[in-house]
Amino acid sequence: MHEHNKRFVERDRNWHPPAYAPGYKTSVARSPQQALVSMQQPSVSELSGPDFRHLRMGPHDNDLLLNFREDPSLAGAAGLPVGERIILFGRVADQFGKPVPHTLVEMWQANAGGRYRHKKDGYLAPLDPGFGGVGRTLTDEQGWYRFRTIKPGPYPWPNDPNSWRPSHIHVSVMGPSISTRLITQMYFEGDPLIPLCPIVNTLKDPAAVETMIGRLDMAHSKPMDCLAYRFDLVVRGELQTYFENQ
């Protein structure tokens with residue numbers, strides 16, 4: 001191996017789920033029907049940026065307890081969302097442990113009853129007038145991010161007669177470039193629905209599942225207020241494999 005490639009790490013294709021997983025029924029229609037096309041000449045936009053350092057954030061963009069109210073006249077505790085208050089925090093780094101500063105982290109989730117604020121969500125749980133379910137933030141100089149929110153509830157979905165999604169939060173992180181964007185889901189430590197979920201079961205390596213589980217962190221919890229869960233995010237390193245980088 002050449003000296004300038006000494007940090008090259010080959011992509012482990014067994015780590016990722018297959019595109020076609022019949023147990024996860026919607027993957028059947030969404031999986032590619034033809035061979036993938038490799039981009040031999042990536043553009044600069046795919047290998048760099050964007051730079052989010054000048055992105056203007058609202059005062060409560062990362063606080064889902066305060067960033068949404070159907071009725072703006074509501075104030076104080078009467079307008080706060082219903083549910084278990086939690087802090088979600090973690091560090092964004094590459095596969096070598098180098099922090100990724102000033103990158104955009106976005107998240108979206110169901111409310112405490114398991115319902116999304118989305119026109120196509122027909123679950124019978126009610127919407128919460130004080131909860132929108134979306135947030136965003138930028139990592140700091142050391143790659144740390146933080147949200148305050150409500151622990152989402154599980155919900156049924158029509159994969160089979162009695163499938164339930166574990167409580168989870170969707171997370172998107174851009175990383176150092178467009179090509180390193182990662183979209184994942186964070187599950188909660190100890191949830192008995194995790195091993196029953198058809199989506200989780202597309203991952204055959206238990207260690208891969210562990211990377212998607214947020215860990216209870218009592219040291220960062222706020223007494224009489226919020227429990228905290230730590231969820232670190234790892235994107236590819238500066239010497240990505242060809243497939244990942246292209």
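The values are calculated or read from the model by the stated rules, or taken from the named source; none is laboratory data. The structure displayed is predicted, hence computed values, not measured ones. Neighbour counts are summed over all protein chains in view; Cβ atoms, including those assigned to glycine, are modelled from backbone coordinates with ideal geometry. Heavy atoms of the whole protein, side chains included, go into the accessibility calculation; ligands, DNA and RNA do not. Shrake-Rupley method; radii C 1.70, N 1.55, O 1.52, S 1.80 Å.
Descriptive notes on the structure:
- Among the residues of region 213-230, those that are surrounded by 14 or more Cβ atoms within 10 Å (Cβ to Cβ) and not polar (S, T, N, Q) comprise Ile213, Gly214, Arg215, Leu216, Asp217, His220, Cys226, Leu227, Ala228, Tyr229, Arg230.
- Looking at region 116-181, the strands (runs of 3 or more DSSP E) lying wholly inside it that each contain 2 or more residues that are more than 14 Å from the chain's Cα centre (by Cα) sit at 144-150, 155-157, 163-165.
- Any chance Val82 is open to solvent by 80 Å² or more (accessible area, probe 1.4 Å), hydrophobic (A, V, I, L, M, F, W, C) and closer than 28 Å to Asp232 by Cα: yes
- From the list Thr180, Thr149, Thr137, the lone residue that is modelled with pLDDT under 95 and either under 18 Å from Gly114 (Cβ atoms) or hydroxyl-bearing (Ser, Thr, Tyr) (or both) is Thr180.
- Among the residues of region 102-153, those that are of a type outside the set (D, E, K, R) and open to solvent by 50 Å² or more (accessible area, probe 1.4 Å) comprise His102, Trp108, His118, Gly122, Tyr123, Leu124, Pro126, Leu127, Pro129, Val134, Gln142, Trp144.
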